[in-house]
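A.B. asks: Let me begin by handing over the structure; questions about it come next.
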Amino acid sequence: MTLKERATRLLLRNATIPIFAVVLVFFGFQSDAFLTPENVANIIKQSSFIGIAAVGMSFVLLTRGIDLSVGSVMYLGPLLAGIAMRELPIGVAGGLLTAVLAGLAMGAINALFIVRLNIAPFIVTLATLFFFRGAGTWITSSRQFDFDRSMLDFGLSSVFGVPLPVIVFVLVALAAWIVLSRTSFGRQIYAVGADPEVARKAGIRADWVRARVYLISSACAATAGFILIAQIGRLDVAFGEGREFDVIAAAVLGGVSLFGGVGTAFGAAIGAVLIQTVRTGLVFTAVNLYLQPIVLAAIIFAAVLIDGQRDLRLRRSRRRAIRPLTG
């Protein structure tokens, strides 16, 4: 491999970092208040709940899957947790545990249809997107659900000055990084995403790996919803609607490939922060509200374009690695 090819591959694998740097410099020059510590801390806090869900989504994307139901899981998981907190003396910690368990149950439904019944992930998670939200709407009769004051106290608390949502965000990203880079399960995820058939021939239970990533994705989405609701203290039927696209965009912006086998949990976390940085920067520079989605879409399109180029180059490099037998 030539030096130019190595440099190109390094740039494609870490494209998020130069994009992030350009965004920071651009908005920093546009507004003196943009790069203040208070604003940077606020950006990280606001991106925490999309970041937690994006970390979970990265597991699914790494296996060439997709989970469109995360926005509804963000809604239904905390709702079930809130009902449990109202009916049982379990407190906020018990509510968080309930939300995670509810997320695991919803992930199991996705995994059942995708792995056992061999239905395309896009179709299954699109159906459960509507099913989970419909279930929550039926439970609440479309009425707003108000949480106890202890929920707000939990969501607005901090440890050594660091807001609790940021702490949970960092812990989830760190745990995901350890799983993906330091465990055999993480290596199996990359192997299944790179080539499912080769992974099966190597003795990896690909179906079991795929099932577990949907459990992780839904558990992270439910946790993300619970963390955001803890900051506002109430839940309405529109909560989390359309957030699945933000979550997928964050993961792709962070370098997680839609073609599977490439990306990291930290990349997905950085992608979430990048999206929030752009949104905040557009507000600081007073860009027309109608133009803001267009600018954000252009950045996401650039990330998808880079992802496509990266996958193409990786395929070419794999073909070049094959040598005919001699002698």
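The values are calculated or read from the model by the stated rules, or taken from the named source; none is laboratory data. What you see is a predicted model; the values in this text were computed from it and never measured. Every residue, glycine as well, gets a Cβ built from its backbone with ideal geometry; the counts of neighbours run over all protein chains shown. To get the accessible areas, we keep the full protein, side chains included, count just its heavy atoms, and leave off ligands, DNA and RNA. Shrake-Rupley method; radii C 1.70, N 1.55, O 1.52, S 1.80 Å.
A.B. asks: Which one of T137, I83, V22 has its Cα pushed farthest toward the positive end of the charge dipole of the chain, where Lys and Arg give +1 and Asp and Glu give -1 at the Cβ?
C.D. replies: Of T137, I83, V22, it is V22.
A.B. asks: Additional query: Using 1/(1 + (r/R0)^6) with R0 = 30 angstrom and r between the beta carbons of L312 and V179, what's the FRET efficiency to the nearest 0.05?
C.D. replies: Details: r = 29 Å, r/R0 = 0.95.
So the FRET efficiency works out to roughly 0.55.
A.B. asks: (i) 35, 20, 19; (ii) 44, 26, 15; (iii) 33, 27, 17: which one is semi-axes √(5λ) of the Cα gyration tensor in Å as calculated from this entry?
C.D. replies: Correct label is (iii).
A.B. asks: Right, here's the next one. Once you place label points 7 Å from the Cα toward the Cβ at L258 and N118, how far apart are they in nm?
C.D. replies: 2.6 nm
A.B. asks: As a test of understanding, state the convex hull volume per residue of the stretch 20-145 from its alpha carbons, in Å³. Numbers along the way, then the final one.
C.D. replies: Numbers: hull volume 20.0 nm³, N = 126.
Cα convex hull per residue, to the nearest whole number: 159 Å³.
A.B. asks: Using r as the Cβ-Cβ distance of N288 and I139, and R0 as 51 Å, what FRET efficiency do you calculate, to the nearest 0.05?
C.D. replies: Details: r = 39 Å, r/R0 = 0.77.
Plugging the Cβ-Cβ distance into 1/(1 + (r/R0)^6) gives 0.85.
A.B. asks: If you don't mind, there's one more thing I want to ask. As an exercise, use a Förster radius of 35 Å and the Cβ-Cβ distance of F26 and L88 to find the FRET efficiency, rounded to the nearest 0.05.
C.D. replies: On the way: r = 50 Å, r/R0 = 1.43.
Approximately 0.10, to the nearest 0.05.
A.B. asks: Helix-derived [θ] at 222 nm for the chain: sum -39500 (n - 2.57) over DSSP H runs of at least 4, divide by residue count, nearest 500? Mind dumping the intermediate values first?
C.D. replies: Working: 14 runs with 242 residues, N = 327.
That calculation yields -25000 deg cm²/dmol at 222 nm.
A.B. asks: Provide K201, K45 ordered by accessible surface of protein heavy atoms (probe 1.4 Å), highest first. The partial results should precede the final answer.
C.D. replies: Numbers: K201 165, K45 55 Å².
The ordering from most to least exposed comes out as K201, K45.
A.B. asks: Under a plain spin-label model, where a point goes 7 Å from the Cα along Cα-to-Cβ, how far apart in nm are N14 and I299?
C.D. replies: 2.0 nm
A.B. asks: How charged is the neighbourhood of A206? Take every other residue with its Cβ under 9 Å from the Cβ of A206, and add Lys/Arg as +1 and Asp/Glu as -1. All intermediate terms of the calculation are to be shown ahead of the outcome.
C.D. replies: On the way: positive: R200, R205, R210; negative: E197, D207.
With Lys, Arg at +1 and Asp, Glu at -1, the net is +1.
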